[in-house]
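Student: Supplied in structure tokens, the structure appears directly below.
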Amino acid sequence: MSEQEWSTTVSGALRDAAAIRGDRGGFTFADPRTTDKHYSWNALLDAARARLAALYAEGLRKGDRLAMVIPVPEDFVLNFLAATLGGIIPVPMYPPVALGKVESYVKNVEHIVTSSGAKALLISKQVRPILGSVLDTGSVTKLLLVESLNLDAPRAGTEPAISPEDICFLQYTSGSTASPKGVVVTHANLAANCRAIASDGLRLDPDHDHGVSWLPLYHDMGLIGFVIVPLFGYIPITFLPTMEFVKRPSYWLEMMHKQRATVTFAPNFAYALATRRAKDAEIEKWDLSCLKQLGCGAEPIQPATLRDFVARFSKAGIKGTALLPCYGMAENTLAISFARHSTNELRVDTVDVEAFRQGEARFSDPATAAPGSTVEVVCCGEPFPGHEVSVRDPDGNVLPERVIGELCMKGPSVCPGYYNNPETTAASFKDGWLYSGDKGYIADGAVYVCGRIKDMIIVHGRNYYPTDIEWVVNDVEGVRRGSTVAFACLPASASSEQLALVAEWAGRERPSDEALEVIKKRVTEVVVGTIGLNPWQVVLIPPGTVPKTSSGKLQRRKTKQQFEEGTLGQEAPTTESMDAKVAVAKQMARSYVSLAKSEVVSRLPDPVRAFFGKKK
């Protein structure tokens, strides 16, 4: 796209899309149970303006914060765009997905509403039984229902002027290492990052590209990557309900085949899930040769996962050249770097494992290296033009290539800081540089990410990345995949820190004591044999009780805290609290039975599942 075609604000991008593309392209909201609903760019602008008038009628004005809990993609997108048109600042929040954690969920909502200073909380009626109590806390003065907004309210003649430096929305971090913080995302940040993604990273063409996404819209990858980037680039998008992917990952690939999608993005786990769940008969029906960009990010990337995905779906036309590992974070708006491929081989760096644990990424030729002596690190590509990435030591000194330190970013995508949080802002944003808290290194100008600094495990002076340990434990028979946490602890009888492991057992029923001991022994043997580290303790807990963020990231610090307090495994609903949970479920059922069956029930405790008529 040429220089003059890029808007400097999200509201301007929406108006430009309508003026320039009109009825060519737009957003489609798919649902396997109903008819797909399509909005052209013209229709999107009109629908957003109707909802802006409704928000004005409720007393909201430019600069007001509007907290949002809206599970339905169509409703979320239209109301988000409405707010941005009027300069109202959306504060997206994740919807409740598990009744076993209602109390902690409501507390988290109250924290975000209070810290953001939201004037109103806009929710869908199906979550009112859970969030209605937020009004009673005094943290917000007005509760609005999406379904009750007056879409016939008189429209303002013109929208307010929006400056690139104005705040567009507050993106609350997932809280994987601390309480959620509200990242201030300006229109200028979004314009810069969206241009970098669409033009430099993906090289999108509105006449030939089409995106498909199931990603939750309260998360930056879903919201910015598939709502805001397409606005700036005029790229048509098909949105899928997130829980449809969770229930049937093949739906994602099926829709990419149907829509002739050229681009999609997902975390590492999604590619693994699709690989495991897809059936041979389904793959034979699909033609996925249309896919040119298979983005992967938002969590550590495992090389084997992407290789397995390509191997599994190669018969359907998937090629390794489509793989696009990336690195990003909310404080840099979204993306920092993309790793493009010119061959079918995934770009990885093979480094000596011993040097790696000492802080050096020393290349080791995989053809001659001894088995088990190397580790692969996925390449996340070069920083976007106009953006910089450096690696620094704890004193802020820039480190040379292949020395591991803290990844730091500078450029127009770096956000101003955290909303109403000057101390935390000062700790992470220094002299124009964002200190990411991520360990990594640079090799030949490309970025390689190793993990979070605060999660590093140091035993006997050697560094271990928790993801390396967690990945090998995930493959142990009897362990639930994706729910293993590794961390360091200091036993009372020890003089140095040791490795502790917490994992969920697989299956709903608790294994016998003997079976649990067998699983623990397997875990220990695998970790010793693969990592060379003997776990001091292995703890197995029920499914669904390992602390995770709203975006599914493991909360290692919270897990360690529960381990030290002896409260592990207590996140699941107890017998005493189940009556209250079922009462809430009945309220929810009366207001949205059809949605509950598809989007909530799959994650509810057994008694509530039974209430909805869902069987195991």
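Student: So, in the stretch 421-447, of the ones that are part of a loop (DSSP other than H, G, I, E, B) and at pLDDT 95 or above, which residue ends up farthest from residue 375 (Cα to Cα)? Talk me through it step by step, then tell me what you get.
Tutor: Initially, the stretch 421-447 is screened for residues part of a loop (DSSP other than H, G, I, E, B), giving 421, 431-432, 444-445.
Then keep just the ones that are at pLDDT 95 or above; that gives 444-445.
Details: 444: 18, 445: 20 Å.
In this case the residue turns out to be 445.
Student: Okay, next question. Which number in (1) under 25 Å from residue 436 (Cα atoms); (2) under 29 Å from the mean Cα position of the chain (by Cα) marks the one condition that residue 343 misses?
Tutor: It fails just one condition, (1).
Student: Hey, can you tell me all the residues within the stretch 139-152 that are within 30 Å of residue 415 (Cα to Cα) and either more than 29 Å from the chain's Cα centre (by Cα) or part of a strand (DSSP E or B) (or both)? Steps first, answer last, please.
Tutor: Let us first name the residues in the stretch 139-152 that are within 30 Å of residue 415 (Cα to Cα), namely 139-144, 146.
Hits for the stretch 139-152 are 141, 142, 143, 144.
Student: So which residues in the stretch 20-32 are of a type outside the set (Gly, Ala, Ser) and surrounded by 14 or more Cβ atoms within 10 Å (Cβ to Cβ), if there are any at all?
Tutor: Quick first cut of the stretch 20-32, residues of a type outside the set (Gly, Ala, Ser) only: 20-21, 23-24, 27-29, 31-32.
21, 24, 27, 28, 29, 31, 32 - these are the residues of the stretch 20-32 that are of a type outside the set (Gly, Ala, Ser) and surrounded by 14 or more Cβ atoms within 10 Å (Cβ to Cβ).
Student: Select, from 417, 440, 451, the only residue that is farther than 16 Å from residue 358 by Cα and of a type in the set (Gly, Ala, Ser). Show your work before the answer.
Tutor: On the way: 440 fails: farther than 16 Å from residue 358 by Cα; 451 fails: farther than 16 Å from residue 358 by Cα.
Unique residue meeting the criteria: 417.
To keep it simple, each residue is scored yes or no on (1) under 19 Å from residue 297 (Cβ atoms); (2) in contact with a strand residue (DSSP E or B) (Cβ under 6 Å, 6 or more places away or on another chain); (3) in the same structural domain as residue 510 (by TED's automatic domain parsing); (4) crowded, with 19+ Cβ neighbours inside 10 Å.
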| site | (1), (2), (3), (4) |
| --- | --- |
| 389 | yes, yes, no, yes |
| 392 | no, yes, no, no |
| 395 | no, no, no, no |
| 401 | no, yes, no, no |
| 408 | yes, yes, no, yes |
| 429 | no, no, no, no |
| 432 | no, yes, no, no |
| 439 | yes, yes, no, yes |
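Student: If I filter the stretch 542-590 down to residues being of a type in the set (Ser, Thr, Tyr) and modelled with pLDDT of 70 or more, which single residue comes out as surrounded by the most Cβ atoms within 10 Å (Cβ to Cβ)?
Tutor: Kept after step one, since they are of a type in the set (Ser, Thr, Tyr), are these residues of the stretch 542-590: 545, 549-551, 559, 567, 574-575, 577.
Those left that are additionally modelled with pLDDT of 70 or more: 545, 549, 559, 567.
On the way: 545: 19, 549: 18, 559: 23, 567: 10.
Selected residue: 559.
Student: I'm told residue 385 meets every condition in (1) in contact with an Asp or Glu (Cβ under 8 Å, 6 or more places away or on another chain); (2) in a strand (DSSP E or B); (3) within 22 Å of residue 197 (Cα to Cα); (4) not acidic (Asp, Glu) except one. Can you identify the failing condition by its number?
Tutor: Exception for residue 385: condition (2).
Student: Looking at the stretch 153-164, can you tell me whether even one residue there is outside any helix (DSSP H, G or I), among the hydrophobic types (A, V, I, L, M, F, W, C) and either touching a strand residue (DSSP E or B) at 6+ places or on another chain (Cβ under 6 Å) or under 27 Å from residue 338 (Cα atoms) (or both)? Reasoning before the result, please.
Tutor: Start the filter on the stretch 153-164 by keeping residues that are outside any helix (DSSP H, G or I), which leaves 153-164.
Right, trim to among the hydrophobic types (A, V, I, L, M, F, W, C) and you get 153, 156, 161-162.
Now narrow it down to the ones that are either touching a strand residue (DSSP E or B) at 6+ places or on another chain (Cβ under 6 Å) or under 27 Å from residue 338 (Cα atoms) (or both): none.
So far as the stretch 153-164 goes, no, none of its residues is outside any helix (DSSP H, G or I), among the hydrophobic types (A, V, I, L, M, F, W, C) and either touching a strand residue (DSSP E or B) at 6+ places or on another chain (Cβ under 6 Å) or under 27 Å from residue 338 (Cα atoms) (or both).
Student: Return the residues of the stretch 202-229 that are surrounded by 24 or more Cβ atoms within 10 Å (Cβ to Cβ), under 29 Å from residue 453 (Cβ atoms) and among the small types (Gly, Ala, Ser); say none if nothing qualifies.
Tutor: 225
Student: Which residues, counting only those in the stretch 1-32, are out of contact with any Ser or Thr (no Cβ under 6 Å at 6 or more places or on another chain), part of a helix (DSSP H, G or I) and at pLDDT 95 or above?
Tutor: Answer for the stretch 1-32, where residues must be out of contact with any Ser or Thr (no Cβ under 6 Å at 6 or more places or on another chain), part of a helix (DSSP H, G or I) and at pLDDT 95 or above: 12, 14, 15, 17, 18, 19, 20.
Student: Looking at the stretch 365-391, I want the residues that are free of Cβ contacts under 8 Å to residues at least 24 places away in the same chain and have a partner that is part of a strand (DSSP E or B) with Cβ atoms under 8 Å, at least 6 apart or on another chain. Which pairs are those?
Tutor: Every condition considered, the pairs that remain are 365/350; 366/350; 366/374; 369/350; 369/352; 373/352; 388/409; 388/410.
Student: State yes or no: is residue 211 outside the structural domain of residue 420 (by TED's automatic domain parsing), under 25 Å from residue 418 (Cα atoms), in contact with a helix residue (DSSP H, G or I) (Cβ under 9 Å, 6 or more places away or on another chain) and without any contact (Cβ under 8 Å) to a residue 60 or more places away in the chain? Full working, then the answer.
Tutor: On the way: outside the structural domain of residue 420 (by TED's automatic domain parsing): yes; under 25 Å from residue 418 (Cα atoms): no; in contact with a helix residue (DSSP H, G or I) (Cβ under 9 Å, 6 or more places away or on another chain): yes; without any contact (Cβ under 8 Å) to a residue 60 or more places away in the chain: yes.
The answer is no for residue 211.
Student: Determine whether residue 518 is among the aliphatic types (A, V, I, L, M), in a helix (DSSP H, G or I), touching a helix residue (DSSP H, G or I) at 6+ places or on another chain (Cβ under 9 Å) and more than 30 Å from residue 108 (Cα to Cα). Walk me through it before giving the result.
Tutor: Numbers: among the aliphatic types (A, V, I, L, M): yes; in a helix (DSSP H, G or I): yes; touching a helix residue (DSSP H, G or I) at 6+ places or on another chain (Cβ under 9 Å): no; more than 30 Å from residue 108 (Cα to Cα): yes.
No: the conditions fail for residue 518.
The values are calculated or read from the model by the stated rules, or taken from the named source; none is laboratory data. Note that the structure is a prediction, hence the values are computed from the model and not measured. Note that we place each Cβ from the backbone using ideal geometry, even for glycine, and neighbour counts take in every protein chain shown.
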